[in-house]
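Engineer: Below is a structure I'd like to ask you about.
The values are calculated or read from the model by the stated rules, or taken from the named source; none is laboratory data. The structure displayed is predicted, hence computed values, not measured ones. FYI the Cβ positions are ideal-geometry reconstructions off the backbone, even for glycines, and counts take in every protein chain you see. Calculation scope for accessible area: heavy atoms of the full protein, side chains included, ligands and nucleic acids excluded. Shrake-Rupley method; radii C 1.70, N 1.55, O 1.52, S 1.80 Å.
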Amino acid sequence: MNKLVANADEAIQDIHDGATIMAGGFGLCGIPENLINAIARKDVRNLTIISNNAGVDNFGLGILLQKRQVRKCIGTYVGENKLFEQLVLSGELELELVPQGTFAERIRAGGAGIPAFFTPTGVGTIVAQGKETREFDGKTYVMERALQADFALLKAWKGDEWGNLVFRKTARNFNPMMGTAARTTIAEVEELVGIGQIPPDHVHLPSVYVKRIFQGTDYEKRIERRTIRQEVA
């Protein structure tokens, strides 16, 4: 039950070349900053990254793209990362774009042990090309396969030494479901507390899914596009 490690570098010691990694976060909200930086330092290569998007230039998963550590991305949004776009268009990076709701359900299915499911999303579009379709009650559905990974890298607001996790507001996003869909789930937390300090009803991801946990440090929590209300004269 001893899941506590000293830092991000110790937590990722067995991440290897060619690994498939899920990384929590939506945009830059709730991303595992410490773990991403540790992977950049370790310089593992040919990674497959499953994440909503790939950070921005020079931050978040964008750091791994900059160092050419990623072979393939599975996600929903290219977004604010110019390098991401350039690598895809040049053929250096393989990209599988997935409708966001389908992306979430593929991860949830992976965690639940469901190998595939049918959805109407993407029927009649490029999303459905090469995939099985079926009719149910007169409506066409496309089959989507579940997503699973070797490692899931999560960022939580609070966690205890057993690995019970609590996420804060929109930083919850994809983190909890990714934690269920990987062989090894690693969590960094803003606040590490003792066992029994988190009420059971407050736990978003139970400890049974988490293999390693550590106290994160030096969070930047950048904002992609800061939008503020204009002052009314």
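Engineer: Would you be able to say whether some residue in the range 120-143 is within 21 Å of G179 (Cβ to Cβ) and surrounded by 13 or more Cβ atoms within 10 Å (Cβ to Cβ)?
Structural biologist: no
Engineer: A follow-up question, please. Consider T76 against the criteria (1) touching a strand residue (DSSP E or B) at 6+ places or on another chain (Cβ under 8 Å); (2) surrounded by fewer than 17 Cβ atoms within 10 Å (Cβ to Cβ): it satisfies all of them except one. Which criterion is unmet?
Structural biologist: Result: T76 passes all but (2).
Engineer: Then there is this: Picking from V189, V203, which residue would you name as being among the hydrophobic types (A, V, I, L, M, F, W, C), over 17 Å from the mean Cα position of the chain (by Cα) and modelled with pLDDT of 95 or more?
Structural biologist: Working: V189 fails: over 17 Å from the mean Cα position of the chain (by Cα).
Residue meeting the stated conditions: V203.
Engineer: Right, next: Looking at E135 and the list (1) under 29 Å from V210 (Cα atoms); (2) out of contact with any Lys or Arg (no Cβ under 8 Å at 6 or more places or on another chain); (3) acidic (D, E); (4) part of a strand (DSSP E or B), which single condition is not satisfied?
Structural biologist: The single condition E135 does not satisfy is (1).
Engineer: Return yes or no: is T184 in a strand (DSSP E or B) and either modelled with pLDDT under 95 or among the polar types (S, T, N, Q) (or both)? Steps first, please.
Structural biologist: Numbers: in a strand (DSSP E or B): yes; either modelled with pLDDT under 95 or among the polar types (S, T, N, Q) (or both): yes.
Considered against the rule, which asks whether it is in a strand (DSSP E or B) and either modelled with pLDDT under 95 or among the polar types (S, T, N, Q) (or both), T184 comes out as yes.
Engineer: Can you name the residue in the range 31-43 that is open to solvent by 10 Å² or more (accessible area, probe 1.4 Å) and not in a helix (DSSP H, G or I) and is also farthest from T102 (Cα to Cα) among such residues?
Structural biologist: Looking at the filtered set, the residue picked out is D43.
Engineer: Test T217 against the stated conditions and say whether it is open to solvent by 100 Å² or more (accessible area, probe 1.4 Å) and not in a strand (DSSP E or B).
Structural biologist: No; evaluated as a whole, the condition is false for this residue.
Engineer: Filter the range 54-73 for residues that are in contact with a strand residue (DSSP E or B) (Cβ under 9 Å, 6 or more places away or on another chain), outside any strand (DSSP E or B) and open to solvent by 10 Å² or more (accessible area, probe 1.4 Å) and give the result.
Structural biologist: Across the range 54-73, the qualifying residue is only L61.
Engineer: Does any residue in the range 64-89 that is farther than 20 Å from G18 by Cβ and hydrophobic (A, V, I, L, M, F, W, C) come within less than 6 Å, Cβ to Cβ, of a residue that is modelled with pLDDT under 95 and open to solvent by 60 Å² or more (accessible area, probe 1.4 Å) six or more places away or on a different chain, and which pairs are these?
Structural biologist: V78/E85
Engineer: Same structure, new question: Among the numbered criteria (1) charged (D, E, K, R); (2) closer than 24 Å to G27 by Cβ; (3) open to solvent by less than 20 Å² (accessible area, probe 1.4 Å), which one does D160 miss?
Structural biologist: D160 satisfies every listed condition except (2).
Engineer: While we're here: How many residues are touching a residue at least 40 places away in the same chain (Cβ under 8 Å) and assigned to a strand (DSSP E or B) when one looks only at the range 157-181?
Structural biologist: Counting residues in the range 157-181 that are touching a residue at least 40 places away in the same chain (Cβ under 8 Å) and assigned to a strand (DSSP E or B) gives 4.
Engineer: Another question, if that's okay. Residues A23, A19, A11: which one is closer than 19 Å to D150 by Cα, open to solvent by less than 10 Å² (accessible area, probe 1.4 Å), at pLDDT 95 or above and touching a Lys or Arg at 6+ places or on another chain (Cβ under 8 Å)?
Structural biologist: Working: A23 fails: touching a Lys or Arg at 6+ places or on another chain (Cβ under 8 Å); A19 fails: touching a Lys or Arg at 6+ places or on another chain (Cβ under 8 Å).
Only one candidate qualifies: A11.
Engineer: Still on this model: Just name the residue that is least open to solvent (accessible area, probe 1.4 Å) out of those in the range 176-214 that are of a type in the set (G, A, S) and farther than 24 Å from I50 by Cα.
Structural biologist: Of the range 176-214, the ones of a type in the set (G, A, S) are 179, 181-182, 187, 194, 196, 207.
Among the residues that remain, those that are also farther than 24 Å from I50 by Cα are: 194, 196.
Details: G194: 29, G196: 66 Å².
Filtering first and then ranking leaves G194.
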